[in-house]
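Each reported figure results from applying straightforward, stated rules to the coordinates on display, with no laboratory input. The structure displayed is predicted, hence computed values, not measured ones. Here the Cβ positions follow ideal geometry from the backbone for every residue, glycine too, while neighbour counts run over all protein chains shown.
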Amino acid sequence: MGAGKSTIGRLLSRELRLGFKDSDREIEERTGADIAWIFDVEGEEGFRRREADIIDELTREKKIVLATGGGAVLKPENRDNLQKRGTVVYLDTPVDLQYQRTRHDKKRPLIQLENPRQKLQALFLERDPLYRAIADLVVPTNEGDPKAVVKQIKAYLGSD
């Protein structure tokens with residue numbers, strides 16, 4: 001959350017001349033509801049079921065850059081589909097930076113709490129090992145320059 005997945009994904013897709021898909025946006029477009037509403041009505045588990053279906057579908061597409069929601073790695077089937085069907089880039093972002101980027105965002109249901117920084121820390125501790133386990137490339141994003149991150153990814157892919 002707040003790592004820049006959508007921003008960097010869009011930039012990378014333009015640079016590589018590939019399509020861009022964002023699993024959260026796909027869910028919103030198909031349901032006609034935003035993620036926060038889906039969380040309210042269906043709970044996190046309902047949202048995660050929808051997310052797994054979308055990720056299964058999108059990871060079968062060719063010539064795209066896919067940005068997933070931050071919790072996509074929680075389901076083993078998502079990790080498996082992402083790892084087997086594409087190149088996984090983990091945008092490693094410190095919790096303090098995530099907090100700075102998301103603290104005013106009311107559309108992120110998991111951090112609409114009294115202490116969002118504490119929640120971000122807990123999410124990081126849970127998700128970081130899962131990301132690292134499936135990542136082909138880990139790129140730190142603490143410099144805050146999306147173009148520099150895209151350049152690192154392109155170099156890894158041999159597209160630079």
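The table below lists the values:
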quantity: Point-to-point label distance, E126-E42, nm (Cα→Cβ direction, 7 Å offset); calculated: 1.8 nm
quantity: Of K21/K62; K84/K147; K21/K119, those spanning more than 18 Å from alpha-carbon to alpha-carbon; calculated: K84/K147; K21/K119
quantity: Over the chain, relative contact order from alpha-carbon pairs under 8 Å, at least 6 apart, %; calculated: 30 percent
quantity: Sequence of F124, F47 once ranked by neighbouring C-beta atoms within 10 Å, starting from the fewest; calculated: F124, F47
quantity: Diffusion coefficient, µm² s⁻¹, Stokes-Einstein with Kirkwood Rh over alpha-carbon pairs of the chain at 20 °C and 1.002 mPa s; calculated: 133 µm²/s
quantity: Computed label-point distance, nm, for sites E28 and Q83 using a 7 Å Cα→Cβ extension; calculated: 3.0 nm
